[in-house]
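> Encoded as structure tokens, here's the structure I'll be asking about.
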Protein chains: 2
Amino acid sequence: MEKSCNIILLGTGAIGSYYCGKLQQAGAKISAVCRSDYETVKSEGINIKSIKGDFIFTPDETVNSISKSSFNADYIVIATKALPSIDIISLIKPKLLEHTAIILIQNGIDVEISLHKAFPNNEIISCIAFICVTRESYGKVSHADYGRLVIGNYPKGVSEKANHIAKLFNSVGVDCETQDEILYARWKKLIWNIPFNSMSVLANRASTKEIMDNENSAIIAKKIMKEVVSIAKSEGYLINDEVIEKNLADTAKMTPYKTSMLLDFENSRPMEVEAIIGNTFRIAQKNSISVPIIEALYAMLSVVNDKLMS
Amino acid sequence: MEKSCNIILLGTGAIGSYYCGKLQQAGAKISAVCRSDYETVKSEGINIKSIKGDFIFTPDETVNSISKSSFNADYIVIATKALPSIDIISLIKPKLLEHTAIILIQNGIDVEISLHKAFPNNEIISCIAFICVTRESYGKVSHADYGRLVIGNYPKGVSEKANHIAKLFNSVGVDCETQDEILYARWKKLIWNIPFNSMSVLANRASTKEIMDNENSAIIAKKIMKEVVSIAKSEGYLINDEVIEKNLADTAKMTPYKTSMLLDFENSRPMEVEAIIGNTFRIAQKNSISVPIIEALYAMLSVVNDKLMS
């Protein structure tokens, strides 16, 4: 077993609970910061039904505010949704020590940048989760499919600490791959996330199958992917057409799937529009790349988000 | 009063009932072809609550199939929705005499072309309605706002018969303007119809106000209008930027409004996606005009329509 370490977890939703539950199994100590689910987690822990084997994650410490955590953290895991309304910087500032690394498990692009500016001397380990996991209710998480993580330092590289975390994950059966260019991995995930998240919400809650079965929207999925590739290219990340073809072929074959934005929409929760598509569009604007479809999707999703939050 | 004439009306929805009710007031005889509303219309007529004064429209003859109409029609009014599933040609063929003119009151573009090809020797009078009118239930129509008609022959010109109809309308207070280039008028209406119909459905049932209040979607509305203008231009219809600015300014000021596509969507009825946006996109393709946003809107609306009809 790797040497133990102290981790503060912010966000006991599905992602944070599953991955920190696994890190605990690998020997890490977890101080979980809860909000509305505090009483449930403190008394019952988090019950995780997983295709890889059910388990109960009982944090070593459960608190209802980060300031109450007793840990000198080696890592702070941020597994909240990537929403402009959540001020991560103010939240973690009081507990961030010189040696604390920030582990960010979130969707989207440019989600690390404000943390990097606020805490330039703290290491940021950026993680992309490929997992189908849902919090059914407080203290109840269901892991239905996948589980792979890709991790690397922001903006690039793989530090000793990042390697340490990857080893912990792999030691308990979580497939965790280190990636020297984590932003490259983020762009590759956006190629799928932007078309299918956007269209699933805008086209009246369409499943991936409904989008791929309609000839017009299958063509548009591909055109959106090409727009994403052109933005990635303007940032220096070259992605070839085979990646697009593979994404489309895999999606056509997969079990009809509800995207994360669609799940948020159906549950009247704010969607990660800015992290996934707004930030992407702003990079395109900065680099003068014309992406008319992405711009239109972003605009319509902004209206939908306005309505969800009004 | 103008000389009387015999009219067969196909489609006793809101549009057909209102305008043929007014033509009857102007002296025309109306044979109304009903479908599911036949019993109601035959026994009670059509009750029209109108901002311009309520009235009951009792057709001179009410039949449940066009073949049962006793009229030798001077005009056949087609006021059904413009849907690919409705085979107008087969419906009217048995009652179309040499002198019968076809009056088409429908949304969209290229909605006359199949009739023109099928019946090249019959006059087609194409009408665009600017009206806020709804069928609340069988035999009950509510006219909430506007009412203006623009009419002209397809593909161009204004015949004696078209002038006759315009005079009938104007004689009973329906503002009816003849237009030598009816397709020009159709393009001008599409400038508004395409952005606001599409976005109202795709952006989670957004009102015109919600679209104009969001900075991103107000910009997209304008970009979509520019795409429509570029297609119109490729067909020889020049529309200047002031038309776009006026459409946007008027929409920002108007009472929040539900578009016709949104009303259909909310009532789980098929939307006029092909007539309004599919045909527009196909004209762009034919003329090699790039309209990425319209193409994406069309694709997503196709998925929504597939789901409505499945």
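Bear in mind that the values in this text are calculations on the coordinates, not laboratory data. Just so it is clear, the model here is predicted, and its values are computed rather than measured. Reconstructed Cβ throughout: ideal geometry from the backbone, glycine too, with neighbour counts over all protein chains shown.
> Quick one: P(r) of the stretch A:208-310 from all Cα-Cα pairs, 10 Å bins, percents rounded to integers, in order of increasing distance.
Spelled out per bin, shortest first, that is 14, 39, 39, 8, 0.
> For the protein assembly as shown, restrict the atom set to alpha-carbon positions and state the Rg and Dmax in Å.
30.1, 99
> Tally Lys and Arg at +1 and Asp and Glu at -1 over the other residues with C-beta under 12 Å from the C-beta of B:PHE55: what net charge comes out? Mind showing how you got there, number by number?
Numbers: positive: B:LYS22, B:LYS49, B:LYS52; negative: B:ASP54.
So the environment of B:PHE55 carries a net charge of +2.
> Average partner chain C-beta neighbours within 10 Å, per residue of B:217-230? Intermediate results must be reported in sequence, preceding the final value.
Details: counts 9, 2, 3, 9, 2, 0, 4, 2, 0, 0, 1, 0, 0, 0.
Counting Cβ atoms of other protein chains within 10 Å of each residue's Cβ and averaging gives 2.
> Based on alpha-carbon centroids, what's the gap between the stretch A:291-309 and the stretch B:33-103 in Å, whole number please?
The stretch A:291-309 and the stretch B:33-103 have Cα centres separated by 42 Å.
> So what's the Cα pair-distance distribution over chain A, bin width 10 Å, in %?
Computed distribution, short to long bins: 6, 27, 36, 24, 8, 0.
> What does the helix-only formula give at 222 nm for the protein assembly as shown: each DSSP H stretch with n ≥ 4 adding -39500 (n - 2.57), the total divided by the residues, and the result rounded to the nearest 500 deg cm²/dmol?
Numbers: 24 runs with 270 residues, N = 620.
So the calculated ellipticity at 222 nm is -13500 deg cm²/dmol.
> Taking H as built 1.01 Å from N, whose amide H comes closer than 5 Å to the amide H of A:ASN153, not counting residues under 5 places away?
A:SER126, A:VAL158, A:SER159
> Sort shortest first the distances from A:LYS68 to its counterpart in every other copy, using label points 7 Å along the Cα-to-beta-carbon line, and give them in nm.
7.5
> So what J values fall out for the stretch B:135-143 if you push phi through Karplus, 6.51 cos²θ - 1.76 cosθ + 1.60 with θ = phi - 60°, rounded to Hz, Gly and Pro as x?
For the stretch B:135-143, the Karplus curve yields 8, 6, 7, 3, x, 10, 10, 10, 10 Hz.
> Name the residues of the stretch B:171-195 whose amide N is less than 14 Å from a point 7 angstrom out from the Cα of B:LYS52 along the C-beta direction?
Counting only backbone N, you get B:171-178.
> Right, something else. Of B:SER200, B:MET225, B:VAL141, which is farthest on the positive side of the dipole of the stretch B:127-242, counting Cα position, with +1 on Lys and Arg Cβ, -1 on Asp and Glu Cβ, and the Cα centre as origin?
The residue sitting most towards the positive pole is B:VAL141.
> Quick one: angle between helix B:160-171 and the longest Cα principal axis of chain B, in degrees between 0 and 90, rounded to 10, please.
Rounded to the nearest ten degrees, it is 90.
> Hey, with R₀ at 30 Å, roughly what FRET efficiency would A:LYS226 and B:LYS117 work out to, going by the Cβ-Cβ distance, to 0.05? All intermediate terms of the calculation are to be shown ahead of the outcome.
Numbers: r = 37 Å, r/R0 = 1.24.
For R0 = 30 Å, the calculated efficiency reads 0.20.
> Compute log10 of I(q)/I(0) for the stretch A:162-273 with the Debye formula, placing one identical point scatterer on every Cα and leaving out solvent, at q = 0.18 Å⁻¹, to two decimals.
Calculated log10 I(q)/I(0) at the listed q: -0.99.
> Using only the alpha-carbon atoms, how far is helix B:215-234 inclined from the longest principal axis of chain B? Give it as 0 to 90 degrees, nearest 10.
Roughly 60 degrees between the two axes.
> Two-decimal Rg/Rh of the stretch B:6-180 from alpha-carbon positions, Kirkwood Rh? Please report the intermediate quantities before stating the final value.
On the way: Rg = 14.7 Å, Rh = 15.9 Å.
Computed over Cα atoms, the ratio is 0.92.
> So, counting K/R as plus one and D/E as minus one, what does the shell of residues with Cβ under 11 Å around B:THR208 add up to? Mind dumping the intermediate values first?
Numbers: positive: B:LYS209, B:LYS253, B:LYS258; negative: B:GLU210, B:ASP213, B:ASP250.
In short, 0.
> I've got another one for you. How are the C-alpha pair distances of the stretch A:95-244 spread across 10 Å bins, as whole percents from the shortest bin up?
Reading the bins upward from 0: 10, 31, 35, 20, 4, 0.
> Here's a follow-up. Quickly work out the B:SER90-to-B:SER137 label distance, labels modelled 7 Å from Cα along the C-beta direction, and quote it in nm with one decimal.
Once both label points are built, they end up 3.3 nm from each other.
> In addition: Just checking the output field for A:197-207: average partner chain Cβ neighbours within 10 Å of each residue's Cβ? Please list the in-between numbers first.
Working: counts 0, 3, 5, 1, 3, 12, 11, 13, 3, 5, 2.
Counting other chains' Cβ atoms within 10 Å and averaging over A:197-207 gives 5.
> Also, quick follow-up: Computed over the Cα atoms of the stretch A:112-171, what is the convex hull's projected area averaged over all directions, in nm²? Present the calculation step by step, with values, prior to reporting the outcome.
Working: hull surface 22.3 nm².
Seen from a random direction, the Cα hull of the stretch A:112-171 projects 5.6 nm² on average.
> While we're looking at this one, here's another question. Considering only DSSP states other than H, G, I, E and B, which GluC sites (Glu not before Pro) in the stretch A:54-119 qualify as loop sites with at most 13 other Cβ atoms within 10 Å?
A:GLU98
> Quick one: angle between helix A:292-309 and the longest Cα principal axis of chain A, in degrees between 0 and 90, rounded to 10, please.
That helix lies at roughly 50 degrees to the long axis.
> Can you tell me, using C-alpha contacts under 8 Å and at least 6 residues apart, the relative contact order of chain A as a whole percent? Before the final figure, lay out each step's value.
On the way: 564 pairs, mean separation 47.3, N = 310.
RCO, chain A: 15 percent.
> Points 7 angstrom from Cα along the Cβ direction at A:ALA144 and A:SER290: gap in nanometres?
Result for the modelled spin labels: 4.0 nm.
> One decimal, nm, shortest first: give the distances between the label point of A:SER114 and those of the same position in the other copies, each label point 7 Å from Cα along Cα→Cβ.
5.2
> May I ask for the net charge around B:LYS68, where only other residues with Cβ less than 11 Å from the Cβ of B:LYS68 are counted and Lys, Arg are +1 while Asp, Glu are -1?
On the way: positive: B:LYS95; negative: B:GLU61.
Net charge around B:LYS68: 0.
> Could you work out how far the C-alpha centroid of the stretch A:240-261 sits from that of the stretch B:128-178, in angstrom?
Comparing the Cα centres of the stretch A:240-261 and the stretch B:128-178, I get a distance of 49 Å.
> Note the distances from A:ARG269 to each other copy's matching label point, with points 7 Å along the Cα-to-beta-carbon direction, in nm, sorted shortest first.
List, nearest first: 3.8 nm.
> Now a separate question. Quick one: which of A:100-106, A:249-255 comes out on top by average Cβ neighbours within 10 Å, and what's the full order, highest first?
A:100-106, A:249-255
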